[in-house]
Amino acid sequence: MNLLVTGGAGYIGSVVTAQLLAEGHEVVVLDDLSTGHADAVPEGARLVRGSLREAAEAVLAEGGFDAVLHFAAKSLVGESVARPALYWDANLGESLALFEAMRRTGVAKIVFSSTAAAYGDPERTPIPEDAPPRPTSPYGATKLAIDGVLTAYARLHGLGAVSLRYFNVAGAHGRFGERHAVETHLIPNVLAAALGRHEAVRIFGADYPTPDGTCVRDYVHVVDLGRAHLLALDACAPGAHVVYNLGSGGGHSVGEVIDVCREVTGLPIPAVIEERRPGDPAILVASSAAIARDLGWKAERGLNEMVADAWGFARR
Ligand code: UDP
């Protein structure tokens with residue numbers, strides 16, 4: 001297929017681009033490089049630098065595109081609380097421009113990066129796709145709103161759309177991994193402490209109602225996540241918008257993650273307990289039963305492999 005990947009210079013977009021190329025697809029990456037890196041775009045993909053508003057229609061009008069994979073977004077929860085207008089504009093506004101460009105150029109399939117943050121603090125766990133979406137941050141709200149637009153475009157314009165709600169993505173794929181200017185995620189921060197870049201890992205709260213008091217999250221290897229995108233592409237059906245969770249169905253606490261990092265690196269990795277981080281629910285675990293049933297997807301790589309691959313990437 002001929003594919004447009006928005007945000008293909010970022011962490012997940014670059015991994016999926018590499019997987020698409022390996023499967024023989026042609027890829028154009030559209031990225032404004034505001035948080036992505038030009039050198040993260042896999043060889044063999046053409047990089048167009050620009051925003052979706054500025055450039056999506058011109059690229060799609062070149063013709064021949066079968067589908068879009070839409071990763072480009074701002075994704076820092078804390079920043080979204082401080083700067084909601086930035087997030088509504090960058091996430092919803094830019095996405096609307098992309099969807100209109102697709103409609104005008106006749107590109108009728110899309111796979112969209114949605115998020116567990118769309119659910120907010122869950123009533124029950126594991127979280128199924130029909131749980132009431134009650135995002136607790138502007139970030140989650142913008143992603144949920146984009147899901148709503150996709151549903152409308154499927155009904156109105158016959159778009160075939162699949163939204164994948166990511167839980168905690170981790171690991172790396174060779175030279176493609178997590179490289180954020182502001183790193184908020186647990187595993188890269190623990191590994192940065194292992195490399196001596198921080199004095200200690202900060203554990204945000206050890207008084208949650210969980211077995212060891214630290215928050216439990218559902219970690220998925222980025223390579224498993226990428227495979228789900230390939231399956232979702234094939235599953236885009238005209239006039240339908242389907243939402244699938246992507247998780248492993250199990251959870252690991254912050255304490256467990258740090259222990260696995262110590263085991264994999266062979267380093268002591270000091271940790272200090274700090275205050276809870278505002279907005280963190282105690283437990284976020286996905287039910288991935290729907291995508292297993294419909295598309296036969298299942299997470300295959302466990303936490304040790306995620307940490308080992310992230311460690312390989314961090315040391316490069
Ligand atoms: N966390 C932590 N120290 C860090 C980064 C994260 O204790 O340096 C905790 C965070 O409070 C949450 C879990 O690790 O409970 C996962 O956080 P992350 O930011 O990786 O993902 P999120 O679940 O927020 O999407």
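The values are calculated or read from the model by the stated rules, or taken from the named source; none is laboratory data. Owing to the predicted nature of the structure, the values given are computational and were not obtained by experimental measurement. Ideal geometry is used to build each Cβ from the backbone, glycine not excepted, and the neighbour counts take in all protein chains shown.
Taking the stretch 244-278 as the region of interest, how many residues are within 19 Å of Y139 (Cα to Cα), modelled with pLDDT under 95 and within 19 Å of the chain's Cα centre (by Cα)? Going through the stretch 244-278 one residue at a time, the tally reaches 0. Checking each residue in the stretch 115-141 for being closer than 16 Å to A82 by Cβ, hydrophobic (A, V, I, L, M, F, W, C) and surrounded by fewer than 23 Cβ atoms within 10 Å (Cβ to Cβ) picks out only A141. In summary, S248 fulfils each of the numbered conditions (1) buried (at least 17 other Cβ atoms within 10 Å of the Cβ); (2) farther than 20 Å from E178 by Cβ with the single exception of condition (2). Say we look at the stretch 181-227 and pick out the residues that are within 12 Å of the ligand (Cβ to nearest atom), at pLDDT below 95 and farther than 18 Å from W311 by Cβ; which of these is surrounded by the fewest Cβ atoms within 10 Å (Cβ to Cβ)? Among those residues, the one meeting the criterion is V182. A single member of V16, V28 is modelled with pLDDT of 95 or more and not in a helix (DSSP H, G or I), and it is V28. With respect to the conditions (1) closer than 28 Å to A299 by Cα; (2) more than 17 Å from the chain's Cα centre (by Cα); (3) among the acidic types (D, E), E183 falls short on a single one, namely (2). Out of V81, V29, V77, one residue alone is more than 16 Å from the ligand (Cβ to nearest atom) and either surrounded by 17 or more Cβ atoms within 10 Å (Cβ to Cβ) or in contact (Cβ under 8 Å) with a residue 24 or more places away in the chain (or both). It is V29. For the stretch 1-13, a residue qualifies if it is among the small types (G, A, S) and assigned to a helix (DSSP H, G or I), and exactly one does: G13. Take the residues in the stretch 141-174 that are within 18 Å of the chain's Cα centre (by Cα) and of a type in the set (K, R); name whichever of them is nearest to D234 (Cα to Cα). The qualifying residue nearest to D234 (Cα to Cα) is R165. Regarding the stretch 146-158, can at least one residue be identified that is part of a loop (DSSP other than H, G, I, E, B) and either assigned by the TED database to the domain that holds E100 or among the aliphatic types (A, V, I, L, M) (or both)? Yes, there is a match, as at least one residue in the stretch 146-158 is part of a loop (DSSP other than H, G, I, E, B) and either assigned by the TED database to the domain that holds E100 or among the aliphatic types (A, V, I, L, M) (or both). Going by what's in this entry, would A18 be described as at negative phi and out of contact with any Pro (no Cβ under 8 Å at 6 or more places or on another chain)? So A18 does not fit the description; no.
Residues in the stretch 257-269: is at least one in contact with a strand residue (DSSP E or B) (Cβ under 6 Å, 6 or more places away or on another chain), part of a strand (DSSP E or B) and assigned by the TED database to the domain that holds Y208? No: the stretch 257-269 contains no residue that is in contact with a strand residue (DSSP E or B) (Cβ under 6 Å, 6 or more places away or on another chain), part of a strand (DSSP E or B) and assigned by the TED database to the domain that holds Y208.
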